[in-house]
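Q: Have a look at this one before I ask anything.
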Amino acid sequence: MSNTISTTLAVAALRSKAQAGTLDVALAHALDGSGNLPDILVIATQASAVDTGCLFLVPVAGRGAFTRAGILGLNDVHGFIGPAPNERLGVVDVLFTSDMTSLTNPSYDGLKLFTDILNDKQLKIYCQSLEMTEHHAVTRLSKLQFARMTVYDSVVDKELLAMASANAMFPGARLHLNGADAIVAGSGCRSSDDKPSLALIADMFTMKPELLLTDEAGVLNRHNIVFAIPTASVADPKALMKRAAAIAATADADAEKLLAAEKILAAELISDVFHQVDPGPKA
């Protein structure tokens with residue numbers, strides 16, 4: 001008989017420990033090799049930012065300025081305009097993807113746009129309505145009404161997923177994405193048995209620029225993803241800790257940012273701010 005306990009009981013027990021101030025949380029990028037088993041293992045991983053989309057509600061003009069947008073661009077990157085009938089209010093919902101490029105500067109792509117947005121830089125708005133009127137404005141992340149990021153194909157370590165899928169990586173499970181609260185939406189768009197992946201969703205307003213994993217030019221190219229894994233509901237907790245240590249050892253130059261992200265989630269667990277989601281009874 002397995003010595004694991006159900007995730008339902010694990011979540012309840014962990015919250016009780018957090019409220020009592022006795023919750024033991026270990027960080028994958030700070031494991032001491034002692035072999036002690038914590039209540040929760042917090043592990044930061046990284047995944048390519050290539051398959052990323054961001055949906056925004058962009059303020060363009062005053063109420064009644066136009067009936068519907070035909071083109072909406074941010075920094076000359078034109079996005080996909082959504083179906084929501086908000087244009088008469090002067091706001092437009094629009095989706096941008098990481099592979100889009102600026103019409104005036106082909107080297108400026110969606111990832112550079114997302115980097116500027118997450119750093120709260122001023123954005124140039126261009127809108128052409130179906131009435132062929134043109135509207136120009138500026139905005140920034142802190143001025144938007146809605147900003148949500150979806151990572152469509154976040155590759156996950158195969159061994160880690162096999163051990164943690166039932167209690168930390170199931171659809172609806174909570175995690176951190178670039179420092180912000182996020183959820184697992186389901187399997188990634190190209191997930192396979194050999195290369196499993198997840199789809200992740202998070203609001204962008206609380207993402208932390210200092211945690212972004214970037215290239216040498218400072219452009220977002222990977223996501224900083226942090227999971228909280230209750231060890232009591234893992235079949236082989238020691239194997240989990242060993243795999244976590246191996247993953248952390250590959251971090252190299254990004255180790256400090258990954259550790260910083262782990263510390264943030266750990267602090268929220270200990271203070272009972274971050275609540276793990278119960279996957280519910282198995283069918």
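Q: Under the condition of being over 15 Å from VAL219 (Cβ atoms) and of a type in the set (Ser, Thr, Tyr), which residue from the range 72-111 is farthest from the chain's Cα centre (by Cα)?
A: THR104
Q: Which residues, taken from the range 156-212, are among the hydroxyl-bearing types (Ser, Thr, Tyr) and modelled with pLDDT under 95?
A: SER165
Q: Might you check whether a residue that is touching a strand residue (DSSP E or B) at 6+ places or on another chain (Cβ under 8 Å), part of a strand (DSSP E or B), aromatic (Phe, Trp, Tyr) and in contact (Cβ under 8 Å) with a residue 60 or more places away in the chain occurs anywhere in the range 133-156?
A: For the range 133-156, residues touching a strand residue (DSSP E or B) at 6+ places or on another chain (Cβ under 8 Å), part of a strand (DSSP E or B), aromatic (Phe, Trp, Tyr) and in contact (Cβ under 8 Å) with a residue 60 or more places away in the chain: present.
Q: A follow-up question, please. I'm trying to understand the selection: among the residues of the range 18-38, which are over 24 Å from the mean Cα position of the chain (by Cα), over 17 Å from ALA249 (Cβ atoms) and not in a helix (DSSP H, G or I)?
A: Answer for the range 18-38, where residues must be over 24 Å from the mean Cα position of the chain (by Cα), over 17 Å from ALA249 (Cβ atoms) and not in a helix (DSSP H, G or I): GLY21, THR22, LEU23, ASP24, ASN36, LEU37, PRO38.
Q: Please indicate, with yes or no, whether at least one residue in the range 35-54 is farther than 23 Å from MET207 by Cα and not assigned by TED's automatic domain parsing to the domain that holds ILE247.
A: Within the range 35-54, none of the residues are farther than 23 Å from MET207 by Cα and not assigned by TED's automatic domain parsing to the domain that holds ILE247.
Q: Let me ask you something else. So GLN276 ticks every box in (1) on the phi < 0 side of the Ramachandran plot; (2) assigned by TED's automatic domain parsing to the domain that holds LEU23 but one. Which box is left unticked?
A: Condition (2) is where GLN276 drops out.
Q: Across the range 171-209, what is the number of residues that are outside any strand (DSSP E or B) and closer than 12 Å to VAL155 by Cα?
A: Matching residues across the range 171-209 total 9.
Q: Can you name every residue in the range 140-155 that is in contact with a Lys or Arg (Cβ under 9 Å, 6 or more places away or on another chain) and either among the β-branched types (Val, Ile, Thr) or within 18 Å of ALA228 (Cβ to Cβ) (or both)?
A: The answer is VAL155, and nothing else.
Q: Residues VAL77, VAL25: which one is touching a residue at least 60 places away in the same chain (Cβ under 8 Å) and in contact with a helix residue (DSSP H, G or I) (Cβ under 9 Å, 6 or more places away or on another chain)? Steps first, answer last, please.
A: Details: VAL77 fails: touching a residue at least 60 places away in the same chain (Cβ under 8 Å).
Testing whether each residue is touching a residue at least 60 places away in the same chain (Cβ under 8 Å) and in contact with a helix residue (DSSP H, G or I) (Cβ under 9 Å, 6 or more places away or on another chain) leaves just VAL25.
Q: Another question, if that's okay. Considering the range 47-71 alone, what residues qualify as being under 30 Å from ASP157 (Cβ atoms) and in a loop (DSSP other than H, G, I, E, B)? Before you say what the answer is, go through the steps one by one.
A: Of the range 47-71, the ones under 30 Å from ASP157 (Cβ atoms) are 47-55.
ALA49, VAL50, ASP51, listed by residue number.
Q: Could you check the range 227-243 and list, in sequence order, the residues that are of a type outside the set (Val, Ile, Thr), closer than 15 Å to ALA44 by Cα and buried (at least 16 other Cβ atoms within 10 Å of the Cβ)?
A: Residues satisfying the conditions are PHE227, ALA228, PRO230, LEU240, MET241, ARG243.
Q: Starting from the range 94-117, take each residue that is over 21 Å from GLU210 (Cα atoms) and list its partners that are at pLDDT below 95 and part of a loop (DSSP other than H, G, I, E, B), counting only C-beta distances under 9 angstrom and pairs at least six apart or across chains.
A: Pairs found: VAL94/GLY82; LEU95/GLY82.
For every residue, the table says whether it meets (1) surrounded by fewer than 18 Cβ atoms within 10 Å (Cβ to Cβ); (2) within 19 Å of ASN167 (Cα to Cα).
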site	(1), (2)
ALA217	yes, no
ILE225	no, yes
ALA248	no, no
ALA253	yes, no
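Q: Please name all residue pairs, on different chains or six or more residues apart, with Cβ atoms under 6 Å, provided the first residue is in the range 174-196 and is touching a residue at least 12 places away in the same chain (Cβ under 8 Å) and the second residue is part of a strand (DSSP E or B) and among the aromatic types (Phe, Trp, Tyr).
A: Hits for this filter: LEU175/PHE227; CYS189/TYR152.
Q: Quick check on THR22: is it at pLDDT 95 or above, under 30 Å from GLU134 (Cβ atoms) and not hydrophobic (A, V, I, L, M, F, W, C)?
A: No: the conditions fail for THR22.
Q: Shifting gears a bit: Please work out if VAL77 is farther than 21 Å from GLU131 by Cβ and outside the structural domain of ASN221 (by TED's automatic domain parsing). Can you show your working first?
A: On the way: farther than 21 Å from GLU131 by Cβ: yes; outside the structural domain of ASN221 (by TED's automatic domain parsing): yes.
Yes; evaluated as a whole, the condition is true for this residue.
The values are calculated or read from the model by the stated rules, or taken from the named source; none is laboratory data. Given the structure is predicted, the values throughout are model-derived calculations rather than measurements. Note that we place each Cβ from the backbone using ideal geometry, even for glycine, and neighbour counts take in every protein chain shown.
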